[in-house]
Amino acid sequence: MNKSMVAEEGEGRGHVGRKPLMMNLVRGTSKNRILQSKQDRYGFKKTSTFVSEEEYNGWWKKYSKYLIRRKRKWEKMMARNGLAVDQSGAPKRFPPRSSNLARFVHKGIPAEWRGVAWFYFARGNEKLRQNQGVYDRLVDQTIDIINDDTEAIEKDLHRTFPENVHFKNIQKVDPATGEHTEEESVLLQTLRRVLKCFARYKPSIGYCQSLNFIAGLLLMFMDEEKAFWMLVIISERYLPGIHDLNLEGVNVHQGVLMLCLRQYLPEIWRLIVDTSDGKCQEGSNSFLYDLPTLSFCTTSWFMSIFIGVLPIETTLRVWDCLFYDSSRTIFQIALTIFKLMQPELKKIVQRTSHGDTDVLSSELFRTIQNFPKKILDANTLMAECFTDSRFGGLTQKEVLKCKQYVIDSRSRYRSLVVKRSAMGLKEEDRRELMENSEKLESDKIGLKTLNWNGRLNHRMRKLHHRHR
């Protein structure tokens, strides 16, 4: 296929020449321009049901000054490490990993550097070197393809950030006839190619809702080919299984979050689960097979990596940490959100303690769903997250260990269900079989009450005792 044809169709694939959107946008961003505009520096609406224009502008006046200070500190830090910024305005490499670099990342990567930084920290260049020419071939193979995935992509394409000015179709007027025409935006054309190529490259996933938002946000910060490989890296390394056809990965990650909530924030755990339900009783992990109803509120936290959950600036700050620190970031941020909303959850429980349980669940559901949308101040979220000694130090090794425990538990449960079907067991027999299985597993791995991390339990008990 002739690459010039692709360039005419969509301004070229990113690696053929188009600069990432943010390289052009941020340079033209000033404090006053944003204050006078209806859009933020990324082209999204500043206001929402949860954030007023007055609140946004008040925050932006302070935050814009913070961004200038942080950019200068980044430049000085890069210079000390002998890493110059190239003519495009972004570095090509970053210093070796260190606690100092982690602090810089946690405080925010300059917006115009984000695409380069994310790709660098995620080892995207390594992926690119190993797969030279693969993306070009995928574009050629999928340009005219029509199947279930491409039909789903077409349905979701124009639902991707519909209020962002860069994703909206371009309105044109013929000066001779006055006729109005509509032209698809370059970003949507590029997004279509990336999603079609991903569906072809990852048939175990194909296309899944929320991938359009993840890919769309990536395309604002990096070129087309890099955005494609970042999507692959996310699906393979950062959130494996989350977007698979059976969505089992979502249940596994939800199980990890529920275990972390019970472990790190037991008060909140008791607020959001029905402790009268046997599956949430002390010492039982059966909620891993039958997740608490309120866990559905957090499904999108994983599937869209907080897009549409947190305000966009806060989401981007989370992504900075995610691509540097790996998937533990998602659980750390989720725990921090729950910690911040604890006062509201307590009020709801106290107000409806003698009322209808359905009303209580409904109010809790609404709060968990809406509270994160108000977290405009990313600095507060990050400070709370990384200064909390309980889960700020959660390691990737601990997360992976917990994830494997959930996978094994759910697999064992599915085996029991199969046995039950084969043996014609009644419900009470099934429960007895499960209890015996849990006891055997507990004896086998030597963990009290089937907790997934004995060392961490000991550490948590010491911390709780210290806080009393």
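The values are calculated or read from the model by the stated rules, or taken from the named source; none is laboratory data. A quick note: this is a predicted structure, and the numbers were derived from the prediction, not measured. Cβ coordinates were reconstructed from backbone atoms using ideal geometry, including for glycine residues, and neighbour counts include every protein chain displayed.
On the given criteria, is Arg33 at pLDDT 55 or above, farther than 30 Å from Asp136 by Cα and not in a helix (DSSP H, G or I)? Spelling it out, it is not the case that Arg33 is at pLDDT 55 or above, farther than 30 Å from Asp136 by Cα and not in a helix (DSSP H, G or I). Of the residues making up the range 128-147, just one is of a type outside the set (A, V, I, L, M, F, W, C) and under 24 Å from Gly89 (Cα atoms), namely Arg129. Scanning the range 137-161 for residues that are closer than 30 Å to Gln39 by Cβ and in a loop (DSSP other than H, G, I, E, B) returns His158, Arg159, Thr160, Phe161.
In this structure, does Phe391 turn out to be in the same structural domain as Leu261 (by TED's automatic domain parsing) and modelled with pLDDT of 85 or more? No; evaluated as a whole, the condition is false for this residue.
Looking at Arg137, Arg129, just one residue is farther than 26 Å from Gly43 by Cβ, surrounded by 12 or more Cβ atoms within 10 Å (Cβ to Cβ) and without any contact (Cβ under 8 Å) to a residue 24 or more places away in the chain, and that residue is Arg137. No other residue among Gly108, Gly178, Gly115 is in a loop (DSSP other than H, G, I, E, B), surrounded by 19 or more Cβ atoms within 10 Å (Cβ to Cβ) and assigned by TED's automatic domain parsing to the domain that holds Ile234 apart from Gly108. Taking the criterion of being in contact with an Asp or Glu (Cβ under 7 Å, 6 or more places away or on another chain) and of a type in the set (Lys, Arg), the only residue of the range 61-94 that qualifies is Lys92.
Here is a yes/no grid of residues against (1) of a type in the set (A, V, I, L, M, F, W, C); (2) at positive phi; (3) at pLDDT 85 or above; (4) more than 22 Å from the chain's Cα centre (by Cα):
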| site | (1), (2), (3), (4) |
| --- | --- |
| Ser284 | no, no, no, yes |
| Thr299 | no, no, yes, no |
| Phe306 | yes, yes, yes, no |
| Glu313 | no, no, yes, no |
| Phe331 | yes, no, yes, no |
| Leu340 | yes, no, yes, no |
| Pro343 | no, no, yes, yes |
| Thr352 | no, no, no, yes |
| Asn370 | no, no, yes, no |
